[in-house]
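The values are calculated or read from the model by the stated rules, or taken from the named source; none is laboratory data. Given the structure is predicted, the values throughout are model-derived calculations rather than measurements. Using ideal geometry, Cβ is built from the backbone for each residue, glycine included, and neighbour counts are taken over all protein chains shown.
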Amino acid sequence: MVSRRSLVPLLCVLLSASGALASYDSCTKCEPHRKCWPSAKDWQQLSKTVSGRLSALVPAAKPCHDPHYNNGTCSAFWEGATSQDWRVSTPETTLWPQFETSPLDKESCFSGTSREDQCKQGSVPIYSIKALETSDIVAGVKFASKHNIRISIRNTGHDFLGRSAGRNSLQIWTGNMKGIDFSDNWKGKGCRPSKADKGEHAVTINAGVQLHELYSALAQRGRSAVIGFSKTVGAAGGYIHGGGHGPLGPLYGQASDNALEYEVVTANGKIVAANACQNTDLFWALRGGGGGTFGITTRVTLRTFPDPDVVFWRSNFSMPTEGGIWPIVDLYHSLAPKMSDLATYSLYFALPTLPGTNTSALSIISFTPKQESTAKMDAFHQPLVDYARSNGGYAEFASIHAPSMMALFYSLVEDDSVSDPTVAGSLPSRLVSAAYLSNPATRPNLVKALSKIKIRPGEAYLGHVVSGGAVAKNVNLDTALNPAWRKAAIHVIAPLTWTDDDEMTWEKREAILREMREQHKELKALEPDMGAYGNEADFGETDWQKSFWGTNYERLLKVKKKWDPKRLFICNRCVGSEGCRFY
């Protein structure tokens with residue numbers, strides 16, 4: 001998952017696309033205004049059980065609105081609000097504040113609106129347990145099950161579909177459960193010992209470990225793993241449950257392909273291990289079936305590899321006309337299937353119009369592991385440079401060789417990214433197959449479809465070469481990952497953003513979203529069966545079951561019904577969430 005400093009996206013979805021599932025419990029949960037809601041004494045007892053780590057939550061921007069306005073506290077809020085580190089460490093927030101609202105009830109507490117704008121709870125959970133021990137999670141799950149309260153699971157809050165938000169919920173906050181343990185002879189719990197089994201090189205991480213922390217630990221150990229490209233993503237959270245693309249994906253497969261074991265607190269409050277030897281149905285579902293719905297993961301064990309050297313290639317292009325960058329993007333798309341042969345991980349950021357100019361721009365970064373020759377990577381990308389320079393454009397590039405890929409990525413993600421808490425939006429995306437891009441008759445249609453989608457001035461279309469290679473070769477691996485990933489060459493995003501200020505009404509937001517989804521129909525129609533990456537997608541994705549999981553969905557639903565028959569764990573466009581309200 002890539003950190004998008006300017007995208008700060010994703011509003012809210014009202015209800016999921018399908019009707020309620022009749023074969024197991026309704027989504028109806030107890031709410032604060034009902035008699036079933038626990039008494040103050042009940043909450044006090046829960047707080048005692050979790051050693052005082054239960055807290056009541058209110059919207060973070062509340063002191064910036066009447067009648068609660070407090071100049072000092074409001075100023076303190078603004079000092080932290082643009083920091084992703086602050087948002088990650090503040091349980092009442094999500095990384096994208098729009099998910100703290102409730103569109104159905106028109107409840108919000110926007111930081112970008114006037115002081116007189118009324119502040120309401122929205123989808124900020126009512127209570128939060130700051131889990132430090134697995135026993136804290138067990139206590140929270142048993143309490144919520146007893147009182148029929150919805151649980152929302154928050155790791156870091158870095159989620160493009162708002163899955164860690166939770167209207168009228170008890171939040172289980174796992175982001176403080178730290179711990180990283182390496183093994184050169186790891187064996188799964190419950191697996192029969194064998195003399196021929198030498199064990200795995202592996203790392204076990206507790207739920208709250210963030211990607212930058214894991215990069216640092218891996219670099220120090222001289223090991224590597226398939227993890228994402230962002231500071232504030234939780235390595236053991238929704239990232240790996242949803243598949244998890246990353247810099248080593250083309251070389252070793254998705255993050256979920258390389259998960260060896262999960263420790264999970266299930267809906268009945270039990271602690272179980274899920275691996276290839278026990279609870280295999282749950283293990284299958286957790287490897288690609290999405291987070292927030294099968295249980296609460298407390299730790300994950302990942303396969304590790306030697307830390308490779310890497311060639312890092314970066315470039316900037318500009319063309320003297322609006323939209324002039326699209327032919328270079330199309331040329332890049334033609335190279336994408338070939339990148340898998342090199343195990344190259346590559347991203348582009350395309351701006352068809354630079355604000356205040358008539359020019360367009362493109363930036364590309366590529367990482368090729370187990371590679372020492374910068375000249376080879378320069379030559380591979382040279383057609384892009386040649387096109388720009390021979391057509392009146394500008395191109396500059398540079399490449400370096402780094403001896404440690406993990407150390408390089410730690411240096412790239414270890415910053416406190418700045419985000420604008422008043423900006424919201426959505427992240428509609430599609431997976432595009434290698435076959436489609438390899439065909440000169442079909443490939444240009446991708447650029448045509450993208451260019452018809454309007455995005456905010458200054459925003460960028462994003463392309464990710466994060467599959468192919470080992471992701472494709474793992475086609476026979478039995479996991480819940482969307483089968484479309486095994487055919488994909490690129491993951492493209494055309495983001496939608498807007499500003500939540502006094503001029504933005506609920507009706508305007510709905511109109512913006514309707515227009516966006518209409519514009520994306522042509523992009524979706526290019527390859528209707530390819531779908532999208534469920535961790536980076538439109539939060540209101542239609543036909544999301546097929547789009548995110550394809551033919552795996554029915555099997556996933558059976559696992560959900562078995563392990564969470566009361567639907568204690570529900571979240572936006574998560575397995576088994578049909579008919580549920582999230583915000």
(request) Hey, can you tell me all the residues within region 143-180 that are over 24 Å from the mean Cα position of the chain (by Cα) and either modelled with pLDDT under 95 or not basic (Lys, Arg) (or both)? (result) Phe143, Ala144, Ser145, His147, Asn148, Ile149
(request) Report, by residue number, each residue of region 252-280 that is touching a Leu at 6+ places or on another chain (Cβ under 9 Å), free of Cβ contacts under 8 Å to residues at least 40 places away in the same chain and β-branched (Val, Ile, Thr). (result) Val264, Val272
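Output yes when any residue across region 165-176 is surrounded by fewer than 18 Cβ atoms within 10 Å (Cβ to Cβ) and either in contact with a Lys or Arg (Cβ under 7 Å, 6 or more places away or on another chain) or without any contact (Cβ under 8 Å) to a residue 60 or more places away in the chain (or both), and no when none is.
yes
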(request) Would you please name the residue that is surrounded by the fewest Cβ atoms within 10 Å (Cβ to Cβ), looking only at residues in region 249-270 that are aliphatic (A, V, I, L, M) and under 22 Å from Gly208 (Cα atoms)? (result) Leu260
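Considering region 537-564 alone, what residues qualify as being of a type in the set (Val, Ile, Thr) and assigned to a helix (DSSP H, G or I)?
Here is the first cut: in region 537-564, the ones of a type in the set (Val, Ile, Thr) are 542, 551, 559.
Within region 537-564, Thr551, Val559 meet the criteria.
Listed here are the residues, each with its yes/no results for (1) surrounded by fewer than 17 Cβ atoms within 10 Å (Cβ to Cβ); (2) closer than 18 Å to Ser55 by Cβ; (3) among the hydrophobic types (A, V, I, L, M, F, W, C).
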| residue | (1), (2), (3) |
| --- | --- |
| Thr113 | no, no, no |
| Gly122 | no, yes, no |
| Ile126 | no, yes, yes |
| Ala131 | no, yes, yes |
| Asp136 | no, yes, no |
| Ser145 | yes, no, no |
(request) Quick one: in region 43-60, of everything that is over 24 Å from Asp415 (Cβ atoms) and touching an Asp or Glu at 6+ places or on another chain (Cβ under 7 Å), which residue is surrounded by the most Cβ atoms within 10 Å (Cβ to Cβ)? (result) Pro59
(request) State whether one or more residues within region 374-381 are out of contact with any Phe, Trp or Tyr (no Cβ under 6 Å at 6 or more places or on another chain), part of a strand (DSSP E or B) and closer than 15 Å to Glu396 by Cβ. (result) no
(message) Condition first: in a helix (DSSP H, G or I), in contact with a Leu (Cβ under 8 Å, 6 or more places away or on another chain) and buried (at least 22 other Cβ atoms within 10 Å of the Cβ). Now tell me which residues in region 281-336 satisfy that.
(response) Ala285, Ile328, Val329, Tyr332, His333, Ala336
(request) Give the residues of region 200-226 that are under 19 Å from Arg287 (Cβ atoms) and free of Cβ contacts under 8 Å to residues at least 60 places away in the same chain, sorted by residue number. (result) Val209, Leu214
(request) Answer yes or no: is there a residue in region 339-350 that is farther than 28 Å from Thr156 by Cα and part of a strand (DSSP E or B). (result) yes
(message) I need a count of the residues in region 406-454 that are part of a strand (DSSP E or B) and either of a type in the set (A, V, I, L, M) or touching a Cys at 6+ places or on another chain (Cβ under 8 Å) (or both).
(response) 5
(message) Exactly one of these conditions fails for Pro352: (1) of a type outside the set (Lys, Arg); (2) under 11 Å from Val311 (Cβ atoms); (3) surrounded by 17 or more Cβ atoms within 10 Å (Cβ to Cβ). Give me its number.
(response) (2)
(request) List every residue pair whose Cβ atoms sit under 6 Å apart, with the two residues 6 or more apart in sequence or on different chains, where the first one lies in region 368-392 and is more than 26 Å from Pro306 (Cβ to Cβ) and the second, anywhere, is assigned to a loop (DSSP other than H, G, I, E, B) and β-branched (Val, Ile, Thr). (result) none
(request) Take Glu79 and decide whether it is within 29 Å of the chain's Cα centre (by Cα), surrounded by fewer than 18 Cβ atoms within 10 Å (Cβ to Cβ) and without any contact (Cβ under 8 Å) to a residue 24 or more places away in the chain. (result) yes
(message) Among (1) assigned to a loop (DSSP other than H, G, I, E, B); (2) more than 26 Å from Asp257 (Cα to Cα), there is one condition Leu481 misses while meeting the rest; what is its number?
(response) (2)
(message) Going residue by residue through region 390-397, is there one that turns out to be farther than 30 Å from Ala61 by Cβ, assigned to a strand (DSSP E or B) and acidic (Asp, Glu)?
(response) yes
(request) Residue by residue through region 61-92, note down the ones that are touching an Asp or Glu at 6+ places or on another chain (Cβ under 8 Å), modelled with pLDDT of 95 or more and closer than 24 Å to Gln210 by Cβ. (result) Glu92
